[in-house]
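Have a look at the structure below before the remarks.
What follows draws every value from the coordinates through simple rules; no lab data is involved. Only a predicted model underlies this, so the values are computations on that prediction, with no experimental measurement involved. Positions of Cβ are backbone-derived with ideal geometry, glycine not excepted, and every protein chain shown enters the neighbour counts.
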Amino acid sequence: MVATGSICYNDTEAEILVGDLVTAWFREDAFSAGGQTRVKILVGMTDDAITLVALNPIEQVTIPRSALHAVHRIFAIKLSEGRLWDLRTVASRDHFVRSQLAGRSIDGERMILP
């Protein structure tokens, strides 16, 4: 979801809510490759698990909370080319996600965003 070289600014004390962009920090034994952190969209929570969505490729995964060290809300992202996205409002998060999806192909069909 976030290009290599980008910087995510996290709020370690903010309540995380469905729809937030989050940094998920996984325990060492949760993944064998690709590092221990992932940037995803939070789409569901229970006492035992969280459900996250990735955009590249588009997939949804439910992860037991026991596989996580922490999940923090991202309040801003500085992209590698220098643009700073303030993600503290729903409108700004929506605009960021749409900008990341623009022109992408999903299952062979080009996305058209309003």
**Prompt:** What's the local net charge at Trp85, with K and R +1, D and E -1, over the other residues with C-beta under 13 Å away?
**Reply:** +2
**Item:** Gyration tensor verdict on the range 7-93 (Cα atoms; rounded if a/c is under 1.5, prolate if a/b is larger than b/c, oblate otherwise)
**Value:** prolate
**Request:** Along Cα→Cβ, 7 Å out, is where each label goes; now give me the distance between the ones at Ile7 and Ala67 in nm to one decimal.
**Result:** 3.1 nm
**Request:** Rounded to whole Hz and in sequence order, give me ³J(HN,Hα) for the range 5-12 from the Karplus expression 6.51 cos²θ - 1.76 cosθ + 1.60, θ = phi - 60°, writing x for Gly and Pro.
**Result:** x, 7, 10, 9, 9, 10, 9, 6
